[in-house]
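Below: the structure, in structure tokens.
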Amino acid sequence: MKILILTVGKLKDKRVSSLAGEYLARVRPGLVSAESVPDGGRAPEECVELEGREILQKLRPRDRLILLGEDGNTYGSEAFAAMLSREMETAPGRIVMAIGGPWGVSAAVRARADLILSLSPMTFPHELCFLFLAEQLYRAFSILKGAKYHH
């Protein structure tokens, strides 16, 4: 089972990218990868639709799409690890975790989502969402291995 983190736009802050990369490198090699789709760079409505088409083009029919959004389900670290474990056991294809752009995602992407996950009810820039998600994936896999995860 592979996990793909899909972001809108490339990470611009090298410090954030480096730190996220460190967390992802701690997870079993090859299990988690990251890709991006181009950001729309136009009026908000056009951005959302263009970015949505790009996201949907990256998906395979058997993929499970977990969309990050502030209105999604929230989990503590142990519950997130359990949910991720269930998804990995039951998903017929990859697990794709998508982080939308600053204007959100299209209705078509939301309709395709199998689950909406909230990292927090607060709004964060997508670069920080990527970092927080990378850290939580590392923490989830640590929990699933039975390792200590608070220190």
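Structure notes:
- Within the stretch 2-21, restricting attention to residues that are among the aliphatic types (A, V, I, L, M) and under 14 Å from the mean Cα position of the chain (by Cα), the residue that is modelled with the lowest pLDDT is 11.
- For the stretch 102-121, the set of residues classified as part of a loop (DSSP other than H, G, I, E, B) and more than 20 Å from residue 144 (Cα to Cα) consists of 102, 103, 105, 106, 113, 114, 118, 120, 121, listed by residue number.
- Pair list, Cβ < 6 Å and 6+ apart or interchain, from the stretch 72-101 residues that are more than 17 Å from residue 147 (Cβ to Cβ) to residues that are of a type in the set (S, T, N, Q): 72/118; 74/118; 99/7
- Residue count, the stretch 1-27 (criterion: farther than 18 Å from residue 59 by Cα and among the β-branched types (Val, Ile, Thr)): 2
- Looking across 80, 132, 124, one residue alone is open to solvent by 20 Å² or more (accessible area, probe 1.4 Å), in a helix (DSSP H, G or I) and not polar (S, T, N, Q). It is 132.
- Number of residues in the stretch 1-46 that are out of contact with any Asp or Glu (no Cβ under 6 Å at 6 or more places or on another chain) and either charged (D, E, K, R) or in a strand (DSSP E or B) (or both): the value is 21.
- When 146, 93 are checked against the criterion of being out of contact with any Lys or Arg (no Cβ under 8 Å at 6 or more places or on another chain), surrounded by fewer than 18 Cβ atoms within 10 Å (Cβ to Cβ), among the small types (Gly, Ala, Ser) and not in a helix (DSSP H, G or I), a single residue qualifies: 146.
The values are calculated or read from the model by the stated rules, or taken from the named source; none is laboratory data. Computed from a prediction, not measured in an experiment: that's the story for all the values here. Counting neighbours? That spans all protein chains shown, and the Cβs are built from the backbone with ideal geometry, glycine included. Just the protein is used for accessible areas: all its heavy atoms, side chains included, with ligands, DNA and RNA removed. Shrake-Rupley method; radii C 1.70, N 1.55, O 1.52, S 1.80 Å.
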